[in-house]
Amino acid sequence: MLYSACSDRVHRRQYALLQDFAAALVAQDQLRLVYHPRIDLATGRCVGAEALLRWRHPMFGEISPAEFIPIVEQTSLARALTQWVLGAALDQLAAWQGEGVALTLSLNISASNLAEADLAQRIRLALQGRGLPADRLELELTESAIMNQPEQALAVLQDLAGIGLTLAIDDFGTGHSSLAYLQRLPAQVMKIDQTFVRSLSGAEGDAAGSDLVLVETMIGLAQRLGYRVVAEGVETAEVADLLAGLGCEEAQGYWFSRPLEAAAFAGWLVDRAISAPANQ
């Protein structure tokens, strides 16, 4: 292939990030989790949060997860990454439990995690070591990751469900899963991708009607398959009200809150408890 200065810069940056990520895993000040609240649309209460990884690189500053996670997941560091996130998330969940805060915490896992035969055992031991009930932890997996190796994914998900975890299908509508296969998955939650949710805001005429029918159909289908439905990417009160009217159970998005640092999340919970549901 022909040399490209632009491609070369991208590859050099990717290589540098990959080399530096191993050090970030053991540093005390580079990796952290932020928490994106999940709201029960019927009551306005915060019932959980999604833990999202952030990396403050000592030279490059804040690095987007969309940039570093895909390259890390292709290497042997993927297992260490999962273990770091799991440990940090469960430490925070245990701290909340100690403060009397009962929330479900969601973590994203990737297709590479499904190749780890001891994943369920590691999670079980991590929960037991902190005295946490398994149903306070939810694992999110995209349709694409599940369908990459469907039979292997099913076996691992059954092991995870066997220890009492909640399982969620993330970004529903963007993958290529079959309905017959979805019925076999031991998942309890379906998360509608933000692309569909955001289409509900600003569309006009026939487009608005089509977007509404599509989201309504997805909610109805998921619920008939036995899933609790969570809408991602809610950015306006109108969309939140519309989703509630369609029977969607939960939502997350900037209308409720941006992802928050752990300390800020605690303060936000107090304010939310005072204001919900009258002022969302």
**Request:** Starting from segment 65-83, keep only residues that are part of a loop (DSSP other than H, G, I, E, B), then list their pairs with residues that are open to solvent by 30 Å² or more (accessible area, probe 1.4 Å) whose Cβ atoms are within a distance under 8 Å, requiring at least 6 positions of separation or different chains.
**Result:** Glu73/Ala111; Glu73/Ser112; Gln74/Ser112; Thr75/Leu18
**Asked** Here are some residues: Leu225, Leu243. Which one is open to solvent by less than 30 Å² (accessible area, probe 1.4 Å), over 15 Å from the mean Cα position of the chain (by Cα) and not β-branched (Val, Ile, Thr)?
**Response** Leu243
**Asked** Quick check: anything in segment 88-108 in contact with a Lys or Arg (Cβ under 6 Å, 6 or more places away or on another chain) and open to solvent by 20 Å² or more (accessible area, probe 1.4 Å)?
**Response** yes
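Counting only residues that are closer than 20 Å to Ser144 by Cβ and modelled with pLDDT under 95, give me the helices (runs of 4 or more DSSP H) lying completely in segment 156-249 with at least 1 of them. Don't jump to the end; show me each part of the working.
Values: elements: 179-182, 194-198, 205-224, 237-245.
Passing ranges, in order: 179-182, 194-198, 205-224.
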**Prompt:** Of the conditions (1) more than 19 Å from Asp170 (Cβ to Cβ); (2) of a type outside the set (S, T, N, Q); (3) in contact with a strand residue (DSSP E or B) (Cβ under 8 Å, 6 or more places away or on another chain), Arg9 fails just one. Which one is it?
**Reply:** (3)
**Prompt:** closer than 30 Å to Ala244 by Cα and open to solvent by 40 Å² or more (accessible area, probe 1.4 Å), is that true of Thr43?
**Reply:** yes
**Fill in**
Of those in segment 8-32 that are of a type in the set (S, T, N, Q) and assigned to a helix (DSSP H, G or I), the residue surrounded by the fewest Cβ atoms within 10 Å (Cβ to Cβ) is Gln19
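The values are calculated or read from the model by the stated rules, or taken from the named source; none is laboratory data. What you see is a predicted model, and the numbers here were worked out from it, not measured in a lab. Methodologically, a virtual Cβ is constructed for each residue, glycine included, from the backbone with ideal geometry; neighbour enumeration extends over all protein chains shown. The protein model used for the area step is the full one, side chains on, heavy atoms only, and it has no ligands, DNA or RNA in it. Shrake-Rupley method; radii C 1.70, N 1.55, O 1.52, S 1.80 Å.
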